[in-house]
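The values are calculated or read from the model by the stated rules, or taken from the named source; none is laboratory data. Model, not experiment: these values are computed from the prediction. A quick note on method: Cβ atoms are made from the backbone with ideal geometry, for glycine too, and the neighbour counts reach across all protein chains shown. For the accessible areas, the whole protein counts, side chains as well, though only heavy atoms, and no ligand, DNA or RNA atoms are used. Shrake-Rupley method; radii C 1.70, N 1.55, O 1.52, S 1.80 Å.
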Amino acid sequence: MRITALSISVLSLACALQACGNSANSPRDPAPGAPTFDGPVGEPTDPPATLELGAQPVTTTSPSADEGTPNVQLIDPAGASSTGDDTGQMAGEGAGGGTAACDFASGLNVAWVNFARDVPNPNLTTFKTIFQNTHDAGGRVVRWWFHTNGTVTPGYNPDGTVKLIQQSHIDGVKAILATANSVGVAVNISLWSFDMAQDSAARVAANNKNLLTEDSIRQSYIDNYLTPLVTALKGTPGLYSYEIFNEPEGMSTTGWATQWKVDISYIQKAVNQWAAAIHAADPTVLVSNGSQTMDYRTKYTDGALTAAGGESTGTLDFYQVHFYQSNGQGNNVFANDRSHWGLSDKPLVIGEFSIDGTSPVSGNQSYTYLYEHGYDGAWAWAYTANDKWPSMQAPLQALDSAHSDVANCP
């Protein structure tokens with residue numbers, strides 16, 4: 001085990017045990033056992049091109065068909081199950097639930113199989129192949145997007161409040177977590193993305209904006225959806241952490257959203273209050289937030305979040321920041337040690353990066369560099385989009401070969 005100040009923190013990240021390696025393949029060669037998708041995988045949003053804080057990024061919207069949510073059984077938040085999934089952990093390999101900790105969370109982004117529509121009916125065959133390939137390369141954490149742009153989940157009532165959670169939504173997430181746990185990996189659930197303010201969310205874009213800006217609507221998400229979801233998933237094997245937003249700065253006044261923008265204080269308030277709700281429903285689970293660049297890192301410190309939302313427990317358990325070369329060298333995590341960023345109070349995971357954009361470090365050494373320079377995790381973008389699998393297979397294997405302790409959690 002790597003011994004650092006962060007490694008002994010109670011805020012250390014959770015991951016699964018036991019390494020399993022494959023023979024390395026060229027990042028551009030087909031991977032053995034690569035999934036056969038039933039339909040086209042939704043293309044991701046290109047990383048916004050920003051060189052400095054406040055610059056106007058250029059991006060494309062993520063394609064997502066507007067689909068209604070199936071009319072199935074509703075769950076009363078007061079009666080939501082707290083027993084979690086009844087799927088047992090594999091001996092020596094069970095992941096998540098806040099029960100295991102490791103110094104370095106190694107893995108990748110899915111980030112979706114079916115953009116915004118993985119729940120309520122996930123393609124478990126495809127998910128299992130993704131999870132298995134990740135595990136076999138040495139990865140232990142997979143970042144997956146849930147609501148994304150809000151066109152399918154959580155759902156809104158005519159008055160704009162969030163609908164009561166449906167059992168099919170809980171069952172869909174549980175099925176994904178059980179599939180991950182069955183092969184020894186865990187899932188970081190990214191709840192929302194800046195896509196909620198993009199053209200792909202047009203049908204519900206106004207509802208999404210009210211979710212951030214109106215106290216009663218924001219609370220209805222807590223009461224009707226988030227709390228019962230977290231309560232139902234509490235202790236579920238395969239659950240690694242919750243992430244409030246993917247790159248929410250895109251929805252801010254300095255961002256690139258196409259439907260609406262809000263002052264970043266609304267985003268901070270939502271992060272604070274929803275993190276507090278998650279911690280209240282499951283005090284053992286980890287919570288984070290996926291920031292676009294290091295430029296925004298001070299927006300999500302404990303002081304900044306509690307000042308915005310007023311909830312003392314609404315803070316992050318680990319920082320998560322993304323990096324692409326288009327963000328500029330001032331944000332380059334591959335040119336600076338972890339200590340450079342000044343976020344010494346809790347772990348720091350690099351939640352998105354391109355294997356082809358890690359200069360001056362080679363792509364195959366990207367994970368190893370982040371490990372050896374004090375970072376606490378790395379999740380490359382992305383298995384199903386842009387720099388697709390197996391681009392991150394050899395880098396994961398290189399880390400596993402150099403530092404096998406990554407797969408051996410205490």
**Request:** Determine which single condition D302 fails, assuming it passes every other condition in (1) touching a strand residue (DSSP E or B) at 6+ places or on another chain (Cβ under 8 Å); (2) open to solvent by 50 Å² or more (accessible area, probe 1.4 Å).
**Result:** (1)
**Message:** What's the total number of residues in segment 149-170 that are aliphatic (A, V, I, L, M) and either more than 23 Å from the chain's Cα centre (by Cα) or in a helix (DSSP H, G or I) (or both)?
**Reply:** 2
**Prompt:** Which one is farthest from K299 (Cα to Cα) among residues in segment 313-372 that are of a type in the set (D, E) and in contact with a His (Cβ under 9 Å, 6 or more places away or on another chain)?
**Reply:** E372
**Prompt:** Quick one: in segment 326-341, which of the residues that are more than 22 Å from the chain's Cα centre (by Cα) and in contact (Cβ under 8 Å) with a residue 40 or more places away in the chain is surrounded by the fewest Cβ atoms within 10 Å (Cβ to Cβ)?
**Reply:** G330
**Prompt:** Restricting attention to segment 391-402, which residues are open to solvent by less than 10 Å² (accessible area, probe 1.4 Å) and of a type outside the set (G, A, S)?
**Reply:** M392, Q393, P395, L396, L399
**Asked** Of all the residues that make up segment 263-299, how many are touching a residue at least 60 places away in the same chain (Cβ under 8 Å), open to solvent by less than 40 Å² (accessible area, probe 1.4 Å) and not polar (S, T, N, Q)?
**Response** 6
**Asked** Quick one: is A270 under 13 Å from L191 (Cβ atoms) and not in a loop (DSSP other than H, G, I, E, B)?
**Response** yes
**Item:** Selection count where residues are under 23 Å from I350 (Cβ atoms), in a loop (DSSP other than H, G, I, E, B) and open to solvent by 20 Å² or more (accessible area, probe 1.4 Å), scope segment 105-143
**Value:** 0
**Item:** Filtered residues of segment 110-169 (kept if of a type outside the set (G, A, S) and on the phi > 0 side of the Ramachandran plot)
**Value:** T148
**Prompt:** Pick from A116, A197: which is in contact with a His (Cβ under 9 Å, 6 or more places away or on another chain) and either within 22 Å of V271 (Cα to Cα) or among the hydroxyl-bearing types (S, T, Y) (or both)?
**Reply:** A116
**Complete:** Inside segment 305-325, the number of residues satisfying the requirement of being under 17 Å from the mean Cα position of the chain (by Cα) and acidic (D, E) is 1
**Asked** Which is under 16 Å from R140 (Cα atoms), out of contact with any Leu (no Cβ under 6 Å at 6 or more places or on another chain) and touching a residue at least 40 places away in the same chain (Cβ under 8 Å), of A380, A407?
**Response** A407
